[in-house]
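To start, the structure under review is shown below, and the notes come after it.
Just so it is clear, none of the values below were taken in a lab; they were calculated from the coordinates. Predicted, not measured: the structure shown is a model, and the values here were computed from it. So basically every Cβ, Gly included, is an ideal-geometry build from the backbone, and we count neighbours across all protein chains shown.
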Amino acid sequence: MKLLTPVKIGQLELKNRVVMPAMHLGYCRDGFVTDKLVEFYRERARGGVGLIIVGGCAIDEHGYGNMIKINDDRYIPGLADLAAGVHAEGGKIAAQLFQPGRYSYSFFFGIQPVAPSPVPSKLTKRVPREMSTEEVKAMVDAFGKAAVRAKKAGFDAVEVIASAGYLISQFLSPVTNKRNDEYGGDFERRMRFGLEVARAVREAVGPGYPVLFRVGGNDFMPGGNTNREIAAFCRHLEEAGVDAFNITGGWHETTVPQITMAVPRGAFIYLARGIREAVGVPVIACNRVNDPALAEEILQNEIADLVGMARAMIADPDLVAKAATGRAAEIRKCIGCNQGCLDAVFTLKPVGCLVNARAGRELEHPPRPAEQVKNVLVVGGGPGGMEAARVAARRGHRVTLWEKSGRLGGQLNLAAVPPGREEFASLVKYLSGELSRLGVTVELNKEANEENIKAFNPDALVMATGSAPLTPPIEGVDRPNVVQAWDVLAGTALTGKRVVIIGGGAVGCETATLLARKGTIDAVALHFLALNDAEDWPTLKELATRGVKEVTVVEMQKAAGADIGISSRWVILQEMQRYGVKVVTRATARRITEQGVVVDVAGQEELLEADTVVLAVGAGAQNELCEKVKEELPEVYMVGDAVAPRKALDAVYQGHLAGEVL
């Protein structure tokens, strides 16, 4: 595989072409490197990744409290420990130099964010202070000093972040740069700050020391920079001494989804191609690359020279080693759910991972064999039960799993049905494959009861019996035109033209999108019609977004999707709007009639006409069986929705813990 061949960035030789880009993890205390952070990256280096870029590393007081800081010499010892830890595992490491500009949350500490111009941020809802010309020059100097600290700490390279809408992006964009001095105005002057940073860093670290720039291949902001402008910027950066470019997508506040599950794998690699065609140094392609096969295709087609996989390395630190030893089927792929990572980043919490319960907990959960081999029975084949079975079997226990339906996966199978959520199915595939590889006895269509559990007589029992959808106490809820959202997702319930969904949480919203898309043209048809100029763009867009059903969501709260993660919620709500879903908030369903649903909105009753009413009002734990048997067996553990309905992230982690303590 070309992916596994050596490559050079400047004078730095990497053993392969896999890069783990920087990602805020939230593992630091007051900017200092922790053992938790070191062990996290040691494990990724041990897994064979060619280059690890850590960060962002804040170059001044505007960094976040739980991120790495590099704005003072007192941080160098901890940074040295981090670099040494990666080197001890045979890896190479770079520090990303970070300044967020108007995206800073420094106002939490009484510090006003700074930016090229006082243009408010949609992320922070704050207006930054415009930097004086002298402050701009001082900031350039701060980047250079931070680079020197990285070099002193033993890092193999530095990367400057000039993407995602952070400070250098803000100077480059006419959307956020309204200055009239030497750092604002036309494109040449808007480039000045970034170019001066590049020159300052190059001069600070000296010749031969690798300097990378992380750039957005397109701002995806109205009036912002496109791939053409970014390519021109990169040509000038190369002249200023930059050795490689790491290409990501657009700004954090763009309305174009960047890294959610709805983004097709590798959708933005064309941006790297545009930069590669403009420069003569190595280019790294990123965003939604979670599979070595896709990475290899990118390299073979000469779209980029290296491939960045950030969340993929959180999901499976051994991804490279598995690809190198013919075990690609064992790779635990990132599914782009963002539940453990981006949702945590944007709420200033430590990063975890839905598919890898050990991510960020490597010190707490080192792999260890079972002290005594036990006969373990797991009841329930959803994510929690499958993870418990996987971990227990890996540790050496004899494991049997019973699943009452005809397939493994539980609610993950339903979660994978709505358009753009298909990646959930890859987790089911991974866990199923691991159960088979590890010798777990899986019995499908096997419903557990008090008698057969006692007859099995396990040494340890894990109850992962999940939950069932609730039926609200609404008059008329037993009418034949009322169905559960779970049944709609499973394909066992049909719906009419006019559909009212009671409940605007994640299940209700995703069911609404699924139904609203019925009758629209798919991507293949859209591609065919567009290439052949069969219809004009307004017609094509209408055909792709207007289906055959009228869908209305009724939600009691002030907004729909309240239980959806912060990094995905806006995408799902945007999709609902795009496909014409009507949302009625602060509304209570009073009764269901032959004509539809009568709702109370601000004390006024209103009839929402419907042929079919879909219930999406939550779920209740199914734990009665556990209560019956737990006193008669030596070890009983309950995980996932059987404890209480929760996110898949929590279910997998509970299953992992159960597998570890057996």
Among the listed pairs Lys429/Lys630; Lys36/Lys349; Lys541/Lys647, give every one whose C-alpha distance is greater than 24 Å. Lys429/Lys630; Lys541/Lys647
Among Thr545, Val571, Ala523 the positive-end extreme of the charge dipole of segment 482-617 (Cβ point charges): Val571
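Give me the percent of DSSP beta bridges within segment 2-345 that run antiparallel, rounded to the nearest 5.
Close to 10 percent.
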Given a cut-off of under 8 Å on Cα pairs at least six residues apart, what relative contact order in percent is computed for segment 482-617? 37 percent
Roughly how far apart, in whole Å, are the Cα centres of segment 246-280 and segment 1-48? 21 Å
The chain: relative contact order in percent, alpha carbon pairs under 8 Å with at least 6 residues between: 11 percent
For the chain, what does the helix formula give at 222 nm: sum of -39500 (n - 2.57) over DSSP H segments with n ≥ 4, over the residue count, nearest 500 deg cm²/dmol? -10000 deg cm²/dmol
If unit charges are put on Cβ atoms (+1 for Lys and Arg, -1 for Asp and Glu) and the dipole of the chain is taken about its Cα centre, the option from Ala464, Val289, Pro419 lying farthest towards the positive end turns out to be Val289
Roughly how big is the chain's charge dipole about its Cα centre, with Cβ charges of +1 (Lys, Arg) and -1 (Asp, Glu), in debye to the nearest 20? 760 debye
How would you rank Phe187, Phe456, Phe245, going from fewest to most other Cβ atoms within 10 Å of each one's own Cβ? Phe187, Phe456, Phe245
Sequence of Trp486, Trp402, Trp537, Trp570 once ranked by neighbouring C-beta atoms within 10 Å, starting from the fewest: Trp537, Trp570, Trp486, Trp402
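Any idea what the alpha-carbon Rg over 2.2 N^0.38 Å comes to for segment 430-565?
Cα Rg divided by the expected 2.2 N^0.38 Å: 1.53.
State to the nearest 20 debye the size of the charge dipole of segment 2-345 about its Cα centre, where the only charges are +1 on K and R beta carbons and -1 on D and E beta carbons.
About 420 debye.
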Quick one: putting +1 on the C-beta of Lys and Arg, -1 on the C-beta of Asp and Glu, what dipole do you get for segment 482-617 around its Cα centre, in Debye to the nearest 20? 220 debye
Between segment 126-200 and segment 588-632, the alpha-carbon center distance in angstrom: 54 Å
Unsatisfied cross-links (Cα-Cα over 25 Å) in the set Lys322/Lys374; Lys152/Lys322; Lys92/Lys333; Lys145/Lys178: Lys322/Lys374; Lys152/Lys322; Lys145/Lys178
Between Glu134 and Thr255, what is the FRET efficiency for a Förster distance of 41 Å, r being their Cβ-Cβ separation, to the nearest 0.05? 0.70
Using Cα-Cα distances under 8 Å and only pairs 6 or more residues apart, what relative contact order does segment 270-314 have, in percent? 42 percent
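Round to the nearest 0.05 the FRET efficiency obtained for Gln604 and Ala644 when R0 = 35 Å and r is the Cβ-Cβ distance. If you can, show how the numbers build up before the last one.
Values: r = 35 Å, r/R0 = 1.00.
It comes out at approximately 0.50.
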On full extension of the chain, what length is gained from Ala490 through Glu422, given 0.36 nm per residue of separation minus the C-alpha to C-alpha distance? 23.1 nm
If you take every DSSP beta bridge whose two residues both sit in the chain, what share of them, in percent to the nearest 5, is antiparallel? 20 percent
Counting other C-beta atoms within 10 Å, and keeping those with at most 12, which DSSP coil GluC sites (Glu not before Pro) do you find in segment 594-627? Glu594
Out of Asn338, Ile275, Pro264, whose Cα points farthest toward the positive end of the dipole of segment 259-351 (charges: +1 Lys, Arg; -1 Asp, Glu; placed on Cβ)? Asn338
Can you tell me how segment 184-295 classifies by the Cα gyration tensor, rounded, prolate or oblate, using a/c under 1.5 as the rounded cut? oblate
